[in-house]
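Working notes, structure below.
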Amino acid sequence: VPGSDFASYRWGNTVDPVLPGLMDRPYAARELFQWGSAPSANLLNAWDRRFHEWSMDPQAIAPVARLLGAGDLVVRNDLQYERYRLARPRQMAELVDAAPGLGEPVGFGGTEPNVAGPEQTLLDEIELATPPTARHPHAVEVAPVQDPLPILRTRTTEHPLLVAGDGEGIVDAASIGMLGPNQAVFYSGWFADDPAGFERVYRSGDER
């Protein structure tokens with residue numbers, strides 16, 4: 001995080017992100033095109049969008065990261081955020097620092113301010129609302145997700161979470177503590193052609 005259409009770093013434009021070439025673990029990121037199922041892409045988009053719109057609830061960060069099977073949150077503070085109107089480093093640092101369920105970030109690179117070039121100076125409501133004391137994070141910071149979940153896992157359908165919505169609803173549920181790590185999650189729309197399946201889930205002690 002934050003997601004970006006293309007990997008345009010402050011130090012250069014590689015088009016594709018460099019992180020996958022530096023690691024031997026699976027990863028998830030919101031890019032121009034996403035691989036995976038429609039529900040997984042929808043959830044990742046809903047989660048990532050809130051970073052950019054400065055509407056992310058810190059309470060939702062770790063629970064959704066666990067649902068995605070993430071063990072670490074890699075925060076890319078060295079992006080040219082002005083190119084694609086991305087979330088900015090100091091705002092990202094503020095969110096990560098305030099997020100329960102994340103460990104102390106480990107920094108890589110310097111902490112020089114990441115500012116747009118003179119011809120693209122951004123002095124807007126986001127910058128004006130940022131406290132002067134807000135820290136300038138490292139170029140890259142890795143925050144471990146506490147109590148991570150394995151990527152491959154099974155869950156019982158007893159007491160599932162039934163969502164009348166999509167990924168936006170899951171992020172909202174995480175914000176208010178309704179996203180349990182051991183719950184199966186169902187979208188009610190999945191059962192549009194399966195009323196019997198809907199009744200089985202709905203009657204199994206679900207929370208709405």
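The values are calculated or read from the model by the stated rules, or taken from the named source; none is laboratory data. Only a predicted model underlies this, so the values are computations on that prediction, with no experimental measurement involved. We place every Cβ from the backbone using ideal geometry, glycine too, and count neighbours over all the protein chains shown. Heads up: the accessible areas ignore ligands, DNA and RNA and are worked out on the full protein's heavy atoms, side chains in. Shrake-Rupley method; radii C 1.70, N 1.55, O 1.52, S 1.80 Å.
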- Query: How much of H159 can a 1.4 Å solvent probe reach, expressed as accessible area in Å² and rounded to 10?
  - Reply: 90
- Query: Regarding region 5-57, what whole-number volume in Å³ per residue does the convex hull of its Cα atoms give?
  - Reply: 111
- Solvent-accessible surface (1.4 angstrom probe) belonging to D57, in square angstrom, nearest 10: 50
- Message: Need the full-extension length gain, F6 to V142, defined as separation in residues times 0.36 nm minus the C-alpha distance. One decimal, nm.
- Response: 46.9 nm
- Measuring from label point to label point, each 7 Å out along Cα→Cβ, what is the A116 to E53 span in nm? 2.0
- Message: Across region 169-208, what fraction of all alpha-carbon pairs, as a whole percent, falls in each successive 10 Å bin from zero upward?
- Response: 26, 50, 23, 1
- Could you give the size of the charge dipole of the chain about its Cα centre, using +1 on the Cβ of each K and R and -1 on the Cβ of each D and E, expressed in debye and rounded to the nearest 20? 300
- Task: Please check which bits of region 65-82 a label hung off V106 would reach, taking the label as a point 7 Å along Cα-to-C-beta and the cut-off as backbone N under 19 Å.
- Result: 66, 70-78
- What does the convex hull of the alpha-carbon atoms of the chain project to on average, in nm²? 12.7
- Message: Rounded to the nearest angstrom and ordered from largest down, what semi-axes does the equivalent ellipsoid of region 89-141 get from its C-alpha gyration tensor (root of 5λ)?
- Response: 22, 15, 8
- Query: What is the list of residues in region 46-67 whose amide nitrogen lies under 17 Å from a point 7 angstrom out from the Cα of R153, following Cα to Cβ?
  - Reply: 60-67
- Query: In terms of the ratio Rg/(2.2 N^0.38 Å) built on C-alpha atoms, what value belongs to region 63-181?
  - Reply: 1.28
- Could you sort F186, F33 by accessible area so the largest value comes first, with the probe set to 1.4 Å? F33, F186
- Quick one: pull the percent of accessible area on region 21-84 belonging to carbon and sulfur, 1.4 Å probe, ligands and nucleic acids left out. 55
- Accessible area in the full protein assembly, largest first, 1.4 Å probe, for T156, T130: T156, T130
- Between E199 and I176, the two model label points (7 Å from Cα along the beta-carbon direction) sit apart by a distance in nm of 2.9
- Name the residues of region 1-44 whose amide N is less than 17 Å from a point 7 angstrom out from the Cα of E127 along the C-beta direction? 10
- Note on the structure: Dividing the surface of the Cα convex hull of region 124-181 by four yields a projected area in nm² of 7.5
- Query: Of all DSSP beta bridges located in region 82-208, what percent are antiparallel, nearest 5?
  - Reply: 50
- In Å³ and rounded to a whole number, note down the convex hull volume per residue for the Cα atoms of region 1-92. 101
